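The values are calculated or read from the model by the stated rules, or taken from the named source; none is laboratory data. Computed from a prediction, not measured in an experiment: that's the story for all the values here. Cβ placement follows ideal geometry from the backbone for every residue including glycine, while neighbour counts extend to all protein chains displayed. For accessibility, only protein heavy atoms count, side chains too; no ligands or nucleic acids. Shrake-Rupley method; radii C 1.70, N 1.55, O 1.52, S 1.80 Å.
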Amino acid sequence: MNEYANRYYVVLILMLSVGLIFVIRLFSIQALDNTYKKSAENNSRRTVIEFPTRGLVYSRDSALLVENLSSFDLMVIPENVQEYDTVAFMRVLSLDSAKFYTAYNKAKKRPSLPATVYKEIPDSIFTKFQEIKWMFSGFYLQTRALRYYPLKSAAHILGYIGEVNKNIVASNKYYKQGDYIGITGIEKTYEEILRGQKGKKMYSVDARNRVRGSYKNGEFDEIAISGKNIMLSIDADLQLYGEKLMGQKRGSIVAIEPSSGEILCLISSPSYNPNLLVGKNIAKNYGQLRNDKDKLLFNRAVMAQYPPGSTFKIVNALIGLEEKVITIYSHFNCSGGYHVGNFTLRCHHYSSIDFFYSIQGSCNAYYCNVFDRILRNKDYSTIGKAYTKWRDYVLQFGLGKKLGTDLAQELKGYIPEASHFDKYYGKDKWRPLMLISMAIGQGELGFSPMQMANMTAIVANRGYYYIPHLIKEIEGIDTIPSKFSQKQIINIDSSYFDDVIKGMERVLLPGGTAPNAFIEGLDICGKTGTAENPHGKDHSIFVAFAPKINPKIAVAVYLENAGYGSTYAAPLASLMVEKYLRDSISHPEWEYRLVNTTFKYKK
Amino acid sequence: MSNTRNWIINLDWFTISLYGLLVFLGWINIYAAVYNEEHEQIIDLSQRYGKQLLWIGAAIVIAFIVLLIEVKFYHFFAYAIYGFIILVLILVLIFARDINGAASWIEIGSFRIQPSEFAKFATALALARLMSRFNFDIGNKRDLAKAVIVIMLPLVLIILQNDLGSALVYFSLFIVLYRKGLPGWILLLAVFFAILFIASFKVNIFSLELFVILVASILLLINSGKINELAPALAVFTFTLIISWITANLTEVNIELHYLVFIALVLSSIVYIYWIYRKKLEVALVVLSLVYASILFLFSVEYIFSKVLGTHQQNRILVLIGEKEDPRGIGYNVNQSKIAIGSGGLIGKGFLQGTQTKYKFVPEQSTDFIFCTVGEEWGFVGTTTVIILFLVLFWRILIMAERQKMEFSMYYGYAVASILFFHFVVNIGMTIGLAPVVGIPLPFFSYGGSSLWSFTVMLFIFIKLDATRQNIL
């Protein structure tokens, strides 16, 4: 038996080598390779995101504008589903079985993850399902907060929320697929304030995915922080009243508190019920709204670019006074229009017109002369420089530039630069006559109702404004964004504003263009406008503020294709002012006429 | 009386201590593997660690009994015990209940035992008895056949019970035959074909064929040192291969490369056989036969795999060999096992702190995958310690076997070491992804009465044999 004694060593070496191989292997997976540690954590840890409640939105008069409703989604974790009575299941849930199976089969591809099979179960079905849900293991109901807009109003202000798209997920770490985000309106502007901060809870789970307790005693948990409530400067009563007056008419009303820049109402008409863009029907409804011939999603108040018409005479009067090309004693002749050679710009006066009457009676010839003088001002070497100076004044009024309001869709409007005419006519080869229509707010000008309301507020303030804004208060914060509390000053002497206001006051008096809009005791100062446009009858425009001393409200009213400014826009503006200042209506017949009038629109 | 005192003094306390230590460490890890907050009592018979305490207690009693029995008994009744166990295995095959897909349990009341566990020491005894016969000669074909039959009989019966893992254990007994003098090349040949088998799933047959032919050519060159004997055959081989490949391509006959190699091999070997005949090159004939055997082996493995086996069986083999990743399916256990062990790091997460262990990510963790608990909670330090303890045990058993005066005791010792070693290799190997997943326990560690008792009986018979080695003269 000792013949093969050395084989003892062979066997021993074999055993030791295997042991050595094991030790090397163990060293590699235990000491060198870190992936197993990560896999172990992924195995045994589940992170559950806690969604914060989104902040509520109130109006300045404490009406609830946006709230949250809870709805329930039917969820499933496919690997936990046991055999169940499919017929009973379908009957209780009144489910469309084809739809259900499409969603269910999709969910089965990742059997351990929860998936939605039925969004927003109606309340009646929810109660029934609660009673019998024990029969269907693997299925459960999950709460989901939906936005609700109780006044069914102010759609363009409030905007809506929807699921984030891929670009946002890629660019912003906070958002994950399936999260909601404000898409337009204040839901978008104040997204970070309203949404709050997501939290997370980490659980230890076992091999069957059952929760076995919190992970490391909640060391890594983060509590969800609810979104903050906000109060808007909107007056809900005024907003609703304006929407009622507008009905299905096309146009816009914007009202501002001049002393603060707070937007009191903002109406773009026709509008839609904001509750349409909530929950599971959002895609379908969005398509319908977008394709509507009235362009329902288009926010006319900040996006439309209407010529300002005669309301723009206020601006030209102020610039003329400040540039000293006229005084309040300047008179110009009107002979049924402004005549230069063969050119005539029609007007309806046949006398010498003074400064105050030029506003009260809205004389075209007067402002053609003013504008002509502004452009021929000897202080400037060329017409281009004079024009640019004039344009700078207009821009100071916030016309033709973005105001920086808290409505993100806001557009800047249009006022051409001097180079535009240089290009068209040759460098400084142009004459005031070529752009004379701008004297009376026609031609190549386009401003939004918001910009015109702000211009009116500037006049009411005698030369300054605060950037118009919707935010009034943020819960837990004493201030609103600082840019809304910085005074924007126009370089025009405030005494000139008083002169212009004297003219505006007379507009609603006998002899003015809108005596039909006069309301006893309100001291409304206004200016009519009529904007020619290629889409049919003229747009009816009225801007006004009241009272004359310490104005509380400045308003701009646009009614598309409604004709003269005095006919409809002026009484509408007066009704809005009275509603806001007195909370009552002294001329219900105006209201009746406005509500029951419709205008013809070309397609 | 003097005999009794003698063997107690001669007991190998080192081995007994190792045994005790391994059983104790095993229990600690079983406790961790099944631990949950609701059952913190150590003695709780509803829990596996409570039961294991009971099994350990019984094992100590069994060890005592085994030590008390006279050595002559084991020698005298070796065949009888073996015969009895074989009979039980046959009965199990007929009556046993199916548990975990393996019909290998026998039930007496509420008590279940696994006869295949006890067949191990019985076979070891019978083999030792057979090989220690004074005129036993491993070179004699009849004697060799007898030894192989003793090993293969329980192996076949256990395979029929559908318990592949327990059956494969018996192959380890060939180590005993090797120690007796079985030529090493037989074992090497077996290893070579095993490697070829695994390689056939990882590398294409064409490359394997060329590899085999290349190795054979080098062997022949080293053996004879004359290139001129081999050169004509190699030339014919290369030429045929290229011509047939071009022809196949031109005629667009769809024939696989490895068949072309075979054709080239046949033609070239005709040339080579001429040299073998002329120069009487016996070694060359053996090598050539091996080349043909290897290639036919490759062909049949491929044929059986793709034509005979079903998809399920194919998958099982592919995952075992590591050719297919299937973390949620067949490979789930191995993957989870590696995660548990790997996440332990250098020093482990600490006793009862293993998340993978606590939350039951590894199936069968208290039995076949008990090593995961060691890996996760005690880290590399723990796993290395356990491996060293086992190696020391094997070494000790081999040393003890070598010091025996009775051949019976020596071969029995080798059998014990081989069986324990095989369990160690396959069990730990599978938890770290180096061996296929076949369910066999880690000796002394894994939960379960049958395996603990059978290993105890097996080891303590040897300790008793060793303790009385002086008395046999």
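Points to keep in mind about this one:
- Considering region A:26-40, the residues that are open to solvent by 60 Å² or more (accessible area, probe 1.4 Å) and facing chain B (nearest Cβ under 8 Å) include one that is nearest to B:Asn427 (Cα to Cα), namely A:Phe27.
- Residues satisfying the stated conditions in region A:1-11, i.e. within 7 Å of chain B (Cβ to nearest Cβ) and open to solvent by less than 40 Å² (accessible area, probe 1.4 Å): A:Arg7, A:Tyr8, A:Val11
- Scanning region B:375-400 for residues that are over 17 Å from B:Ile432 (Cα atoms) and more than 8 Å from chain A (Cβ to nearest Cβ) yields a total of 7.
- Apart from one condition, B:Thr367 fits all of (1) more than 10 Å from chain A (Cβ to nearest Cβ); (2) free of Cβ contacts under 8 Å to residues at least 24 places away in the same chain; the exception is (2).
- The lone exception for B:Cys372 - which of (1) open to solvent by 10 Å² or more (accessible area, probe 1.4 Å); (2) more than 10 Å from every other protein chain (Cβ to nearest Cβ); (3) in contact (Cβ under 8 Å) with a residue 12 or more places away in the chain; (4) not small (Gly, Ala, Ser) it fails: (1)
- Residue in region A:567-588 that is within 30 Å of A:Ser259 (Cα to Cα), in a loop (DSSP other than H, G, I, E, B) and modelled with pLDDT under 90 present: yes
Here's the yes/no breakdown for (1) open to solvent by less than 10 Å² (accessible area, probe 1.4 Å); (2) in a helix (DSSP H, G or I):
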| residue | (1), (2) |
| --- | --- |
| B:His423 | yes, yes |
| B:Asn427 | yes, yes |
| B:Leu434 | no, no |
| B:Val437 | no, no |
| B:Ile440 | yes, no |
| B:Tyr447 | no, no |
| B:Ser454 | yes, yes |
| B:Met458 | yes, yes |
| B:Ile461 | yes, yes |
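- Screening A:Tyr215, A:Tyr190, A:Tyr241 for residues that are within 24 Å of A:Arg144 (Cα to Cα), in contact (Cβ under 8 Å) with a residue 60 or more places away in the chain and among the hydroxyl-bearing types (Ser, Thr, Tyr) leaves exactly one candidate, A:Tyr190.
- Against the conditions (1) open to solvent by 40 Å² or more (accessible area, probe 1.4 Å); (2) assigned to a helix (DSSP H, G or I), A:Gln82 satisfies every one except (2).
- Where helices (runs of 4 or more DSSP H) fall entirely within region A:413-531, those with at least 1 residues that are β-branched (Val, Ile, Thr) and touching a residue at least 40 places away in the same chain (Cβ under 8 Å) are at A:449-460, A:494-507.
- Being more than 7 Å from chain A (Cβ to nearest Cβ) and touching a residue at least 60 places away in the same chain (Cβ under 8 Å) is a property that does not hold for B:Val362.
- Test for A:Ile132: is it open to solvent by less than 80 Å² (accessible area, probe 1.4 Å) and over 27 Å from A:Gly196 (Cβ atoms): yes
- Residues satisfying the stated conditions in region A:324-359, i.e. touching a Cys at 6+ places or on another chain (Cβ under 6 Å) and closer than 18 Å to A:Gly512 by Cβ: A:Cys334, A:Cys347, A:His349, A:Ile353
- Members of region B:231-247 found to be polar (S, T, N, Q) and closer than 21 Å to B:Ala284 by Cα, listed by number: B:Thr238
- Boolean, A:Phe100 is assigned to a helix (DSSP H, G or I), open to solvent by less than 80 Å² (accessible area, probe 1.4 Å) and more than 9 Å from chain B (Cβ to nearest Cβ): yes
- Residue check, B:Phe73 open to solvent by 70 Å² or more (accessible area, probe 1.4 Å), under 19 Å from B:Ile151 (Cα atoms), assigned by TED's automatic domain parsing to the domain that holds B:Phe455 and at pLDDT 90 or above: no
Here is a yes/no grid of residues against (1) open to solvent by 10 Å² or more (accessible area, probe 1.4 Å); (2) in contact with a strand residue (DSSP E or B) (Cβ under 7 Å, 6 or more places away or on another chain); (3) of a type in the set (Lys, Arg); (4) within 14 Å of another protein chain (Cβ to nearest Cβ):
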residue: A:Ile193; (1), (2), (3), (4): yes, yes, no, no
residue: A:Gln197; (1), (2), (3), (4): yes, yes, no, no
residue: A:Asp221; (1), (2), (3), (4): yes, yes, no, no
residue: A:Arg250; (1), (2), (3), (4): yes, yes, yes, no
residue: A:Ile256; (1), (2), (3), (4): no, yes, no, no
residue: A:Ser260; (1), (2), (3), (4): yes, no, no, no
residue: A:Gly279; (1), (2), (3), (4): yes, yes, no, no
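- Number of residues in region B:138-189 that are surrounded by fewer than 17 Cβ atoms within 10 Å (Cβ to Cβ) and touching a Lys or Arg at 6+ places or on another chain (Cβ under 6 Å) equals 0.
- Qualifying positions in region B:312-345 - within 11 Å of another protein chain (Cβ to nearest Cβ) and modelled with pLDDT of 65 or more: B:Tyr332, B:Asn335, B:Gln336, B:Ser337, B:Lys338, B:Ile339, B:Ala340, B:Ile341, B:Gly342, B:Ser343, B:Gly344, B:Gly345
- Of the residues contained in region B:395-418, none is found to be open to solvent by 10 Å² or more (accessible area, probe 1.4 Å), in a helix (DSSP H, G or I), of a type outside the set (D, E, K, R) and touching a residue at least 60 places away in the same chain (Cβ under 8 Å).
- Only one of the listed residues (B:Phe192, B:Phe174) is within 30 Å of B:Asp137 (Cβ to Cβ), assigned to a helix (DSSP H, G or I) and within 14 Å of chain A (Cβ to nearest Cβ). That residue is B:Phe174.
- Scanning region A:262-277 for residues that are open to solvent by less than 20 Å² (accessible area, probe 1.4 Å) and assigned to a loop (DSSP other than H, G, I, E, B) turns up just one, A:Pro270.
- Within region A:152-174, restricting attention to residues that are assigned to a loop (DSSP other than H, G, I, E, B) and farther than 21 Å from A:Ile193 by Cβ, the residue that is farthest from the chain's Cα centre (by Cα) is A:Asn165.
- Some residue of region B:290-307 being modelled with pLDDT under 80 and not hydrophobic (A, V, I, L, M, F, W, C): yes
- Single condition B:Gly348 does not satisfy, out of (1) more than 8 Å from every other protein chain (Cβ to nearest Cβ); (2) at pLDDT below 85; (3) open to solvent by less than 30 Å² (accessible area, probe 1.4 Å): (2)
This table checks each residue for (1) buried (at least 18 other Cβ atoms within 10 Å of the Cβ); (2) within 14 Å of chain B (Cβ to nearest Cβ); (3) without any contact (Cβ under 8 Å) to a residue 60 or more places away in the chain.
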residue: A:Ile13; (1), (2), (3): no, yes, yes
residue: A:Ser44; (1), (2), (3): yes, yes, no
residue: A:Val48; (1), (2), (3): no, no, no
residue: A:Leu69; (1), (2), (3): no, no, no
residue: A:Thr86; (1), (2), (3): no, no, yes
residue: A:Arg110; (1), (2), (3): no, yes, yes
